[in-house]
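Quick notes on the structure that follows.
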Amino acid sequence: MRVAVVGGGCVGLVVAGDLAAGRCGADGESVTLYERDELGSGATGRAAGICYDAFADPTDAAVAARALDRYREWGLLSPRPYVWVARDDDDAPAVRDQAAEMRALGRPVETVAPDTLGERYPAIATDGLTACAVTEAAGTVGPDAVVAQLADRAQRAGATIETGTPVSLAGPTAVETTAGVESYDAVVVAAGPATASLVGEAGVSLALESYRAQALVTDPVAAELPSLYDASREFYWRPREGGLLVGDGAHAVDPRTCDTTADQSFVDSALTRLRAATTLDPDSSRAWAGCCTATPDRDPLVGPVADGLWVAAGWQGHGLMRAPAVGEFLADRLRGDDSRIDAPLSEQFDPMRFDGDEQFHPLGDPTADW
Ligand SMILES: Cc1cc2nc3c(=O)[nH]c(=O)nc-3n(C[C@H](O)[C@H](O)[C@H](O)COP(=O)(O)OP(=O)(O)OC[C@H]3O[C@@H](n4cnc5c(N)ncnc54)[C@H](O)[C@@H]3O)c2cc1C
């Protein structure tokens, strides 16, 4: 089978590598991956790189666990606990309830008293925390290392990677570049926010919206910290490059005009919240923005949308942590093999479960930040 993959982010690279490698050592498919710019130049290269399998939904948890296993196997995951906290009485029950649901799924999640968290991580200001949960089954990946290794893996397996090659679809399985139109047995579009307009060229409407998310990295800090999500102040951090990567500042955006330079208002507000949440007082050393995809029910769109045409998008900010599992799932399905994940992914992630003309806000509540 000849397969084209459109998009050289983490998802397209996993799909290309798994298709080219085949299953159980068998020869894989003939695969060409097209990337309009450089590999990782979309959301992947702009991601924070936080990974965990602490999800309350069984399918999300199974996908994330498989993805973590593969990142570990590839030597790309640095273990680091993931903590999430609430600061007011409204958010606290959700933290505790989620932790209980995750434990019921066998996830190593514990609720801890704020003082206990403070003893483990003295740089966290625990005053005002009303609930804290921690999972040890978590870690971080470096987006550049992920892209480099996944590209190497795909090429070693025999995939051809064409960068600097924007494509359009001349039909469900016909890929058009400046060199002409090439026909394939199957085309997988994993083009991030551009996925909807690309498959639109083949007459398919996708329920896919986009939002812009921002991040900064601080100057180095001298403190041992976990990755942390603050549910009340709606921001997160992870240690990176000796400092802290701090993220939030999300808002709906037209993907064609998504500015990848961070807003000064985001930098100011992220630093203010970080300083209030820790004993640290760092400045920002660099900041950026990227474009993420969303769906009406927050589950991704992974599967066929027309004869021979497949999509993989709609990660709701969790694409990097799920790519090894969903890319593998898509490659297995495309070959007609059984999924290795014990969850109803084909139904839950079916891209055709929506009509494609749904009106929805990519962040759920239009007044809320991400
Ligand atoms: C600030 C920020 C922080 C994040 N933090 C995390 C995190 O901690 N953990 C996590 O799991 N996720 C995180 N994410 C989300 C994550 O980055 C995405 O979900 C993931 O990278 C999506 O990967 P992808 O391969 O689907 O898309 P992308 O990485 O966007 O790749 C799509 C590729 O398709 C290419 N393309 C588009 N159109 C065409 C065309 N016509 N022809 C050829 N190529 C085309 C693009 O150039 C791009 O390289 C974050 C995102 C941002 C912005």
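The values are calculated or read from the model by the stated rules, or taken from the named source; none is laboratory data. Since the structure is predicted, the reported quantities are computational estimates derived from the model, not experimental observations. All Cβ positions, even for glycine, are placed from backbone atoms using ideal geometry, and neighbour counts span all protein chains on display.
Are any of the residues in region 238-248 closer than 15 Å to C292 by Cα and in contact with a strand residue (DSSP E or B) (Cβ under 6 Å, 6 or more places away or on another chain)?
First, pick out the residues of region 238-248 that are closer than 15 Å to C292 by Cα: 247-248.
The next check asks that each one be in contact with a strand residue (DSSP E or B) (Cβ under 6 Å, 6 or more places away or on another chain); those that pass are 247-248.
Taking every residue of region 238-248 in turn, at least one turns out to be closer than 15 Å to C292 by Cα and in contact with a strand residue (DSSP E or B) (Cβ under 6 Å, 6 or more places away or on another chain).
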Which of the residues belonging to region 175-230 are among the small types (G, A, S), farther than 30 Å from D281 by Cα, more than 15 Å from the ligand (Cβ to nearest atom) and in a loop (DSSP other than H, G, I, E, B)? G203, S205, A207
Of the residues in region 4-19 that are assigned to a loop (DSSP other than H, G, I, E, B) and farther than 15 Å from L309 by Cα, the one that is nearest to the ligand (Cβ to nearest atom) is G9
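Among residues belonging to region 344-370 that are exposed (fewer than 11 other Cβ atoms within 10 Å of the Cβ) and in a loop (DSSP other than H, G, I, E, B), point out the one that is modelled with the highest pLDDT. Steps first, answer last, please.
Step one: filter region 344-370 for residues exposed (fewer than 11 other Cβ atoms within 10 Å of the Cβ), giving 347, 355, 357, 359, 365-367.
Within this subset, residues satisfying the condition of being in a loop (DSSP other than H, G, I, E, B) are 355, 357, 359, 365-367.
Numbers: D355: 94, D357: 90, Q359: 87, D365: 63, P366: 49, T367: 49.
Checked region 344-370; the qualifying residue modelled with the highest pLDDT is D355.
Residue under question is T261, and the condition is that it be loosely packed, with under 15 Cβ neighbours inside 10 Å, of a type outside the set (D, E, K, R) and free of Cβ contacts under 8 Å to residues at least 12 places away in the same chain; does it hold? Spell out how you get there, then give the answer.
Details: loosely packed, with under 15 Cβ neighbours inside 10 Å: yes; of a type outside the set (D, E, K, R): yes; free of Cβ contacts under 8 Å to residues at least 12 places away in the same chain: no.
Criteria not met by T261.
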Quick one: which of Y34, Y52 is surrounded by 21 or more Cβ atoms within 10 Å (Cβ to Cβ), near the ligand (Cβ under 8 Å from one of its atoms) and in contact (Cβ under 8 Å) with a residue 12 or more places away in the chain? Y34
How about region 283-298: which of its residues are on the phi < 0 side of the Ramachandran plot, outside any strand (DSSP E or B) and surrounded by fewer than 20 Cβ atoms within 10 Å (Cβ to Cβ)? D283, P296, D297
Do you know which of the residues in region 251-284 that are of a type in the set (S, T, Y) and farther than 25 Å from A125 by Cβ is nearest to the chain's Cα centre (by Cα)? T260
